[in-house]
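Trainee: Questions regarding the structure given below will be posed in turn.
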Amino acid sequence: MIVDPDIKAAQELSSLLIDEGYDIETSEGIRKAAERVKDVQFDCVIMDVDLPEMKGYEAVPIMKAIDPKLQIIMTAAENTIDLEAEVRKQDIFYYCIKPFDRVELKEAVQGVFKKVGKIEGVIRNE
């Protein structure tokens with residue numbers, strides 16, 4: 001699942017991962033994403049720091065309370081020392097800054113599936 005209020009960025013990322021064989025679902029905010037995580041078992045959520053309802057790093061505990069095994073890749077358009085410190089306090093799998101290298105992000109997603117014991121994974125699409 002991709003959680004990003006920037007529709008264009010979410011579509012670009014979605015296209016990249018679909019080309020890699022992943023199924024994708026997108027959400028612009030944490031409320032809808034959390035509801036979907038309650039209904040569907042996701043292996044990975046790629047979540048932006050700047051969400052409409054709250055900061056992405058504040059949403060990590062919410063998502064982990066729903067599914068403790070959920071792996072989260074956090075993204076940010078801009079990075080600061082303070083922001084990175086807040087993000088890294090959370091139980092995330094990977095943190096990357098936009099615009100990210102396509103290979104870097106694909107490797108991060110592949111790393112999630114290796115961690116959860118799947119060679120090929122599914123990041124749901126509906």
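What follows is calculated from the coordinates using simple rules that are stated; it is not laboratory data. All figures in this text were calculated on a predicted structure; none of them were measured in a lab. Cβ placement follows ideal geometry from the backbone for every residue including glycine, while neighbour counts extend to all protein chains displayed.
Trainee: Could you check segment 12-23 and list, in sequence order, the residues that are touching a helix residue (DSSP H, G or I) at 6+ places or on another chain (Cβ under 9 Å) and in a helix (DSSP H, G or I)?
Mentor: Correct list: LEU13, LEU16, LEU17.
Trainee: Name the residue that is surrounded by the fewest Cβ atoms within 10 Å (Cβ to Cβ), counting only residues in segment 88-104 that are of a type outside the set (A, V, I, L, M), in contact (Cβ under 8 Å) with a residue 12 or more places away in the chain and assigned to a loop (DSSP other than H, G, I, E, B).
Mentor: LYS89
Trainee: Same structure again: Has segment 43-56 got at least one residue that is free of Cβ contacts under 8 Å to residues at least 12 places away in the same chain, under 23 Å from GLU28 (Cβ atoms) and assigned to a loop (DSSP other than H, G, I, E, B)?
Mentor: Filtering segment 43-56 for residues free of Cβ contacts under 8 Å to residues at least 12 places away in the same chain gives none.
No, that holds for no residue.
Residue-by-condition table, conditions (1) surrounded by 13 or more Cβ atoms within 10 Å (Cβ to Cβ); (2) within 11 Å of the chain's Cα centre (by Cα):
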residue	(1), (2)
LYS55	yes, no
ILE72	yes, yes
ALA85	no, no
LYS106	yes, no
VAL109	yes, yes
VAL116	yes, no
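Trainee: Residues that are in contact (Cβ under 8 Å) with a residue 12 or more places away in the chain, touching a helix residue (DSSP H, G or I) at 6+ places or on another chain (Cβ under 6 Å), surrounded by fewer than 19 Cβ atoms within 10 Å (Cβ to Cβ) and not in a strand (DSSP E or B): does segment 24-33 have at least one?
Mentor: Checked against the condition, which is being in contact (Cβ under 8 Å) with a residue 12 or more places away in the chain, touching a helix residue (DSSP H, G or I) at 6+ places or on another chain (Cβ under 6 Å), surrounded by fewer than 19 Cβ atoms within 10 Å (Cβ to Cβ) and not in a strand (DSSP E or B), segment 24-33 yields no hits at all.
Trainee: Of the conditions (1) under 21 Å from LYS106 (Cα atoms); (2) part of a helix (DSSP H, G or I); (3) touching a helix residue (DSSP H, G or I) at 6+ places or on another chain (Cβ under 9 Å), ALA9 clears all except one; give me its number.
Mentor: For ALA9, the failing item is (3).
Trainee: Given the structure, is ALA85 more than 15 Å from ASP4 (Cα to Cα), in a helix (DSSP H, G or I) and either without any contact (Cβ under 8 Å) to a residue 24 or more places away in the chain or of a type in the set (S, T, N, Q) (or both)?
Mentor: yes
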